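Before any comments, here is the structure.
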Amino acid sequence: PPDVAQLGRSSWTLLHSVTATYPENPPRELQTETSAFLRTFSKLYPCWVCAEDFQDWMKVNTPRVSSRSEFGQWMCEAHNAVNVKLGKKEFDCNKWEERWRTGWKD
Ligand code: FAD
């Protein structure tokens, strides 16, 4: 079975990178496909307790895919929900683009 921490780091890299390259003004069809991708991803995620909790979280926190900034914020909130669950520090979501898209300035 996969290492849950290693799998998590790789998966967050993929997910945040997807939001970073998401269009500012996504066509309706892409928004639908993105929501479907997230639903499927949450079902196939190969750590069942993670997958179950992520699906429950998504029921209450419907994916916001209407723009890059909305989607990036939403993904940051999803990641923070897991951070809180694991007793980790919450990430400042004002900084998601700096972390995943434009790069740290220092
Ligand atoms: P990670 O949490 O993997 O973060 C990697 C990097 O992302 C950080 O170094 C930081 O720079 C950046 N980052 C941190 N928080 C945010 C944020 N909110 N927004 C943007 N960037 C951020 N593990 C479990 O043990 N139990 C679970 O139930 C569980 N559920 C998961 C569900 C999903 C959908 C995913 C993708 C992962 C899940 N994980 C779970 C794995 C867990 O989230 C971590 O990936 C793992 O614990 C390794 O943590 P880490 O401290 O190395 O950094």
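Read the figures in this text as sums done on the coordinates, not as results from a lab. Since we're looking at a predicted model, the values are computed, not measured. Here the Cβ is made from the backbone with ideal geometry for all residues, glycine too, and neighbour counts use every protein chain on show.
Sorting 91, 54 by the number of Cβ atoms found within 10 Å of their own Cβ, with the fewest placed first, yields 91, 54. Derived scalar couplings between HN and Hα for the stretch 51-59 equal 4, 4, 5, 5, 4, 4, 4, 5, 5 Hz in order, rounded to whole Hz, by the Karplus curve 6.51 cos²θ - 1.76 cosθ + 1.60 (θ = phi - 60°), x for Gly and Pro. Among the trypsin sites (Lys or Arg not before Pro) within the stretch 77-106, those in coil by DSSP and having at most 14 neighbouring Cβ atoms inside 10 Å are 88, 89, 105. When the helices of the chain are scored as -39500 (n - 2.57) per DSSP H run of n ≥ 4 and the total is divided over every residue, the value at 222 nm lands at -20500 deg cm²/dmol. Shown in residue order for the stretch 70-87 are the 3J(HN,Hα) couplings computed by the Karplus curve 6.51 cos²θ - 1.76 cosθ + 1.60 at θ = phi - 60°: 5, 5, x, 4, 4, 5, 4, 5, 4, 5, 5, 4, 6, 4, 4, 4, 8, x Hz (x for Gly and Pro).
What share of Cα pairs, in percent, lie more than 21 angstrom apart in the chain?
33 percent
Normalised by the number of residues in the chain, the mean separation of alpha-carbon contacts (under 8 Å, six or more apart) gives a relative contact order of 32 percent. Phi-derived couplings, Karplus 6.51 cos²θ - 1.76 cosθ + 1.60 at θ = phi - 60°, listed residue by residue for the stretch 26-42: x, x, 3, 4, 5, 4, 4, 5, 5, 4, 5, 4, 5, 4, 5, 3, 5 Hz, with x used for Gly and Pro.
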